[in-house]
Amino acid sequence: MIEAETGSGSVMVAESLGKWYGEVIGLNNFNLEIKPGITGVVGPNGSGKSTLFKLMLGLIKPNTGRISVFGQVPWANSQLHSEIGFCPDYESLPSDSTGREFLSLIGHLHAMEGTTLSKRIEEVASLVEMSRAMDRKTGGYSKGMKQRMKIAGALVHDPQLLILDEPLSGTDPIVRKELIDLTKRLNKEHNHDVIVSSHVLFEIERMTHDVALMYKGRTVATGDISEIRTLIDKHPHNIVIEGHGIAALAKALLDEDYTVSVAFNEDRSGITVQVSKPEDFFNGLPALIGEANCSVSSMYSQDDNLEAIFKYLVGR
Amino acid sequence: MNLKNAVNGIYALTSHSLKGLLLSRKAVITLIVLLFVVAVMGYAGAQDVDALPDGANLMDALILFFFMPVMAMIFGSSLIRDEIDNKSITHVATAPLDRVFAYIGYYLPLALAVSVSMIAITTAGFLSFFLQHGVNGAALEVYSEFTALVVIGSFVYSSLFLATSVLFKKPVFFGLFYAFIWEGFIGSIPGAIQKASIKHYLRSIGSEWIEHGDISEFDASGFGGSAAVLLGLTIFFLVFGAYLFREKEIC
């Protein structure tokens, strides 16, 4: 067993961690401590989430710094894998195997056998609601079924820690809700610690309040999601409003405290409003539309993408 | 490291990969090669030939000389490399199984699958030729000796091509070079340079066993020395490949 000294009681501790691939930086001076429970790791594509998970699993070596999982160094420490179940964000199921064969392989690789393994396979298949598709080739599964089967593969050996890398990616809303409920259940009813990543903040918000925001290989914020929300809400939001009689609405908006600026679009069919308190803006907007006697055909925020939020957090 | 867990892991990986190798598209390649060998040896057998020496020469040239390294290259260049490329290796790399044992779990099914394919090809070729001339005791002796040679060859070549599939991103290019240029050309030119091929040592062992055809008169390196070289090469390639696999980053 390879011991690391730091992070007693922590699931994962990373200190000054760096990983790069040639000239591409995966993680740079990355620091993070993850406690037991459900932790969301949020960041746009390329922020280093998958690199972090690969380092946690010992699939890759850090270039600088230290990382420990349950107090152990992951690289060249295969025994640590008994404690971790991993659901990758990419297709990894052997397409010519059935779900049962896949789970059986995983179980055998984790030294499970006989009726213990058979019973466990039935349990996890039931848990992820895949019992009826167990004898079908995984190559014929839908995206949602593949995600469930990958989660089942991560659960077979009943690990303490589950790492779910973008489990909701590419799934429809119904499957998303089911996977979110499953993730919460895995922690609440089965006591697994879960680290789940996404590039969509509100998805993580539905699973946990403990989040780490990553951007360009660094942690930009950690802690309770409500604190991060407050931080984000202080960020001036750009909202585009289109419709008829918008000039009157623009005038009304300029009288509000939260309005930073109003600019007409080139064709004057709409305006871009910059607001400092988006919540106040959205609460007060219906009344303003009524006062201005205008009609709004569309409205959208230019800042709904995580990239804008992260740029703000980094630049603050 | 719990030895029982390691053995369980090797067994699981071996049975999974063996099934994948024998029932995949590679089985179609085996079938095509088998039909080709049957056609060539069947046609040759239909001519007026001296059955034992000519039959032995055909099995030597067609099976041991040509298809042995080619089939090992086709199977070996893709097993681990395909799993690295399609990322299904993640489930092996995140199991509590030391990568050295996991590597053995890839090597054993590879060597077995190549052996099974080569035995099938050897058997089909033998029958297509010798059934036309009578399968007597001497013919069966030639068959069993070539079969033993292809099994030994399967284990040696598999260790080489498995290691290169971890070493290179496109191992098939090395495989093509090695199978056709090195083994096919360098291994057949006169002089000491031909000793730098696996085929030389396989034929050396064969020359001690087989009493018919050109292989019986092969300028051999001696049975004991050849066996030691082949065993040494197999162990070297296995250790080298396992080391590479253990140190490899799975991105």
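Read the figures in this text as sums done on the coordinates, not as results from a lab. Remember, predicted model here, so these are calculated numbers, not experimental data. Neighbour counts are summed over all protein chains in view; Cβ atoms, including those assigned to glycine, are modelled from backbone coordinates with ideal geometry.
What whole-number distance in Å separates the alpha-carbon centres of region A:98-120 and region B:179-230? The distance from the Cα centre of region A:98-120 to that of region B:179-230 comes to 45 Å. For trypsin sites (Lys or Arg not before Pro), the sites in region B:1-99 that DSSP calls loop and that have at most 14 other Cβ atoms within 10 Å are B:25.
Using a Gaussian network for chain A with springs between C-alpha atoms less than 10 Å apart, which of these wobbles most: A:236, A:94, A:44? Judging by the Gaussian network model, the answer is A:94.
Relative contact order of chain A, taken over Cα pairs closer than 8 Å and 6 or more residues apart, is 19 percent. With loop membership from DSSP and a limit of 12 other Cβ atoms within 10 Å, the longest segment of chain A without GluC sites (Glu not before Pro) is A:24-188. Near residue A:60, once Lys and Arg are set to +1 and Asp and Glu to -1 for all other residues with Cβ below 10 Å from its Cβ, the sum equals +3. When chain A is treated as a Gaussian network with alpha carbon springs shorter than 10 Å, the biggest mean-square fluctuation among A:188, A:54, A:35 belongs to A:188.
What residue among B:154, B:24, B:77 shows peak mean-square fluctuation when chain B is described by a Gaussian network model with Cα springs under 10 Å? Highest fluctuation of the listed residues: B:24. Per DSSP helix of 4 or more residues, -39500 (n - 2.57); summed, then divided by the residues of chain A. What does that give at 222 nm, rounded to the nearest 500? Helix-only estimate at 222 nm: -10500 deg cm²/dmol.
Only helical runs count toward this figure. For chain B, summing -39,500 (n - 2.57) over DSSP H runs of n ≥ 4 and dividing by all residues gives -23000 deg cm²/dmol at 222 nm.
Sorted fewest first by neighbouring Cβ atoms within 10 angstrom, B:84, A:241 come out as B:84, A:241. A cut-off of 5 Å between modelled amide H atoms, ignoring neighbours fewer than 5 places along the same chain, links residue A:265 with A:270, A:271, A:272. Longer than 27 Å from Cα to Cα, which of A:19/A:177; A:49/A:150; A:188/B:248 are they? Say none if no pair is. Cα-Cα > 27 Å for A:19/A:177; A:188/B:248; rest within. Within a straight-line Cα-Cα reach of under 24 Å, residue B:199 can be paired with the following lysines, leaving aside sequence neighbours fewer than 8 residues apart in one chain: B:26, B:170.
Got a sec? Charge dipole of region A:213-285, +1 on Cβ for Lys and Arg, -1 for Asp and Glu; which of A:222, A:248, A:261 is way out at the positive end? Value computed over the given set: A:222. If one computes P(r) from the Cα atoms of chain A, what percent of pairs lie at distances over 24 Å? When all Cα pairs of chain A are counted, 60 percent exceed 24 Å. Of the beta bridges in the protein assembly as shown, as assigned by DSSP with both residues counted there, near 70 percent are antiparallel.
Taking other Cβ atoms within 10 Å as a rough exposure proxy, A:208, A:230 sort from fewest to most as A:230, A:208.
Using C-alpha pairs below 8 Å separated by at least 6 residues, the relative contact order for region A:148-208 is 40 percent.
Peptide A:110-117 is shielded by partner chain Cβ atoms: per residue, an average of 3 of them sit within 10 Å of its Cβ.
Counting only Cβ charges, +1 for Lys and Arg and -1 for Asp and Glu, the dipole size of region A:182-243 around its Cα centre is about 140 debye.
Which translational diffusion coefficient, to the nearest whole µm²/s, is obtained for the protein assembly as shown from the Stokes-Einstein equation, given a Kirkwood hydrodynamic radius over C-alpha pairs, 4 °C and 1.567 mPa s? The estimated diffusion coefficient comes to 47 µm²/s.
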